[in-house]
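Report on one structure; see the data block that follows.
Values in this text are rule-based calculations from the coordinates and carry no lab data. Not measured: the values here are computed from a predicted model. Here the Cβ positions follow ideal geometry from the backbone for every residue, glycine too, while neighbour counts run over all protein chains shown.
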Amino acid sequence: MEEDLDPELMRRAVMQYTRPARIGLVPAARPADILPRLGWAGACNNRTASELAVVLRSWEDRFGVRLLEVGFDNIRLLVSRPPQTLAVARPIAAEHFAFSDEAHAGLRGVPEIARATVNNPFSDFWWD
């Protein structure tokens, strides 16, 4: 299991996050359950929000993932335990590749996604 990123590094990463956004409060037992609770349909051509929540629950448990941003057809995750080596990142990148049309700013191949996930506190996903 990967270690949590240094809390100060996480704080700095979040503080550098400067995209305009609205804050929403959603009653949910855990962050992974927010998308189905919202009735989010951003990936409707590929998966339901409930199917995405199953994957997010796994990532929440394994990597400390929290839903940070929800857009029309995209989500951004905050990752407290990202992979710290390329070897560990490769199977995770395969999951990202299967999860979304485009992961990490449009990267489409597992090797590219793996490099983008190493020590990265953010994961971005987009669906057509």
Item to complete: With a point put 7 Å past each Cα toward its Cβ, work out how far Ala87 is from Arg37 in nm, to one decimal.
Response: 3.9 nm
Worksheet item: Of all chymotrypsin sites (Phe, Trp or Tyr not before Pro) in the stretch 5-109, which ones are in loop regions per DSSP and have a Cβ with at most 10 other Cβ atoms within 10 Å?
Response: Phe72
Worksheet entry | Within the stretch 14-62, trypsin sites (Lys or Arg not before Pro) in DSSP loop having at most 13 other beta-carbon neighbours inside 10 Å | Arg22
Response to the item:
Given a Förster distance of 35 Å, the FRET efficiency implied by the Cβ-Cβ spacing of Arg115 and Leu25, rounded to the nearest 0.05, works out to 0.50
Fill in: Cα pair distances in the chain, grouped into 10 Å bins until the bin that holds the longest one, percent each
13, 46, 36, 5
Discussion item. What FRET efficiency comes out for Glu51 versus Ala94 if R0 is 25 angstrom and r is the Cβ-Cβ distance? Round to the nearest 0.05.
Written reply: 0.90
